[in-house]
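The values are calculated or read from the model by the stated rules, or taken from the named source; none is laboratory data. Please read all numbers here as calculations on a predicted model, not as lab measurements. Here Cβ is always computed from backbone atoms with ideal geometry, including for glycine, and neighbour counts include all displayed protein chains. Note: areas computed on protein heavy atoms with side chains; ligands, DNA, RNA excluded. Shrake-Rupley method; radii C 1.70, N 1.55, O 1.52, S 1.80 Å.
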Amino acid sequence: MATAMEQWVLVEMVQALYEAPAYHLSLEGILILWIIRLLFSKTYKLQERSDLTVKEKEELIEEWQPEPLVPPVPKDHPALNYNIVSVHLDLEDRLAKFMKTEEAIIYSYGFATIASAIPAYSKRGDIVFVDRAACFAIQKGLQASRSDIKLFKHNDMADLERLLKEQEIEDQKNPRKARVTRRFIVVEGLYMNTGTICPLPELVKLKYKYKARIFLEESLSFGVLGEHGRGVTEHYGINIDDIDLISANMENALASIGGFCCGRSFVIDHQRLSGQGYCFSASLPPLLAAAAIEALNIMEENPGIFAVLKEKCRQIHKALQGISGLKVVGESLSPAFHLQLEESTGSREQDVRLLQEIVDQCMNRSIALTQARYLEKEEKCLPPPSIRVVVTVEQTAEELERAASTIKEVAQAVLL
């Protein structure tokens, strides 16, 4: 039976072979020959060569120099941005010495500085107490941190302490969780959205009373406040070691780009591995790093400019008082403040149109103003429409007086 089956299968195979197309048989034949060749051919050929002597081998080894895997950086500098050059390190050293801190780190984008610093330390489950008037960069940093956010009223230390007390009561209910939960207070030195200064002495007291950490954003106050322009800590005479992290951009006082953080070495070094805006971007152009160093030279060699700037701020603040329909919002020592409508029309769009008309007419008279711009759908606490006024130390008293009188005339023509 088995023999008959085998014969039948063989007959079927021979019949299929005769019926197969010629091209099919040719292709299978070529494949069979190629497989046979691969099975019996050598995978490599030994090339004839002359053996080197021991001396020749040693000479070749001594001459060989391996190519570096990355461009060289200082051995003690854990930089991930491999296009860092000496001018960047010089700028970090100069900023640390100027601010009288142990170390500083620079970022290539000012907005990303505080937005990267916050999530580098505050993580999911941590608690951040933040002022309602915080700038958009802080808001983005808080969003990236995924921490629990508690907002307190602008510069209201009583409201902040109320939130800290409530959290203290919550911590007593679960001591084990409280031991691993970090608490941060995030504020600005001079607030971009209001032009007001933070009450830093009261914040430091609350920090030690409730065991929290303070992050201070000084993009406006750096190079403005204090006898030497070191910011709000120098303005109040606060020991800079009482602040856990200071952040500022270099796009205001230093007239460059990028930003920096400064503080104790172990705090700053952590950002070199965890600061998103530092790890995942290139460093700022060396030319602009050199420009920032030169700006620091000017600030150190001419400390009197800060008193001059403060006087000019007071002059313009005083000159803009009493404008019918507009109110000045901000401290008299702030070089950036706001002009808001005394009474809203009830429509944000209409308020914006009125303020834009003032801006346009001032521009026609060679006075450059701008409306404060916000991402209305993204802002946590949307500020009211306003015109932002900025004063620089280079402006003369006559220019400031002319600007103030022009703003008054235009505002009266538009609003009355």
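A quick yes/no check of all residues on (1) buried (at least 16 other Cβ atoms within 10 Å of the Cβ); (2) touching an Asp or Glu at 6+ places or on another chain (Cβ under 8 Å); (3) not in a loop (DSSP other than H, G, I, E, B):
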| position | (1), (2), (3) |
| --- | --- |
| 140 | yes, no, yes |
| 176 | no, no, yes |
| 202 | no, no, yes |
| 216 | yes, yes, yes |
| 227 | no, yes, no |
- From (1) closer than 27 Å to residue 336 by Cβ; (2) surrounded by fewer than 17 Cβ atoms within 10 Å (Cβ to Cβ), pick out the condition that doesn't hold for residue 192. (2)
- When residues of the range 103-136 are filtered for being among the hydroxyl-bearing types (Ser, Thr, Tyr), over 11 Å from the mean Cα position of the chain (by Cα) and assigned to a loop (DSSP other than H, G, I, E, B), how many remain? 1
- Message: Take the residues in the range 158-173 that are open to solvent by 30 Å² or more (accessible area, probe 1.4 Å) and among the hydrophobic types (A, V, I, L, M, F, W, C); name whichever of them is nearest to residue 217 (Cα to Cα).
- Response: 158
- Hey, among the residues in the range 353-375 that are over 14 Å from residue 409 (Cα atoms) and free of Cβ contacts under 8 Å to residues at least 12 places away in the same chain, which one's least open to solvent (accessible area, probe 1.4 Å)? 368
- Note on the structure: Inside the range 334-352, the number of residues satisfying the requirement of being open to solvent by 20 Å² or more (accessible area, probe 1.4 Å) and part of a strand (DSSP E or B) is 2
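Here's the yes/no breakdown for (1) over 30 Å from residue 304 (Cβ atoms); (2) of a type in the set (Phe, Trp, Tyr); (3) touching a strand residue (DSSP E or B) at 6+ places or on another chain (Cβ under 6 Å):
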site: 332; (1), (2), (3): no, no, no
site: 340; (1), (2), (3): yes, no, yes
site: 345; (1), (2), (3): yes, no, no
site: 354; (1), (2), (3): yes, no, no
site: 358; (1), (2), (3): yes, no, no
site: 380; (1), (2), (3): yes, no, no
site: 386; (1), (2), (3): yes, no, yes
- Query: What residue, of 287, 296, 254, 245, is open to solvent by less than 40 Å² (accessible area, probe 1.4 Å), assigned by the TED database to the domain that holds residue 93, within 30 Å of residue 120 (Cα to Cα) and free of Cβ contacts under 8 Å to residues at least 60 places away in the same chain?
  - Reply: 254
- Item | Some residue of the range 390-406 being open to solvent by 60 Å² or more (accessible area, probe 1.4 Å), of a type outside the set (Lys, Arg), within 30 Å of residue 151 (Cβ to Cβ) and modelled with pLDDT under 95 | yes
- Task: State all residues of the range 132-178 that are of a type in the set (Asp, Glu) and over 24 Å from residue 115 (Cβ atoms); if no residue qualifies, say none.
- Result: 156, 159, 161, 166, 168, 170, 171
- Do we find a residue being of a type in the set (S, T, N, Q), open to solvent by 10 Å² or more (accessible area, probe 1.4 Å) and either farther than 15 Å from residue 217 by Cα or at pLDDT 95 or above (or both) anywhere in the range 114-136? no
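If I ask for residues that are in a helix (DSSP H, G or I), open to solvent by 10 Å² or more (accessible area, probe 1.4 Å) and either outside the structural domain of residue 248 (by the TED database) or among the charged types (D, E, K, R) (or both), which ones from the range 262-283 would you list?
Result: 269, single match.
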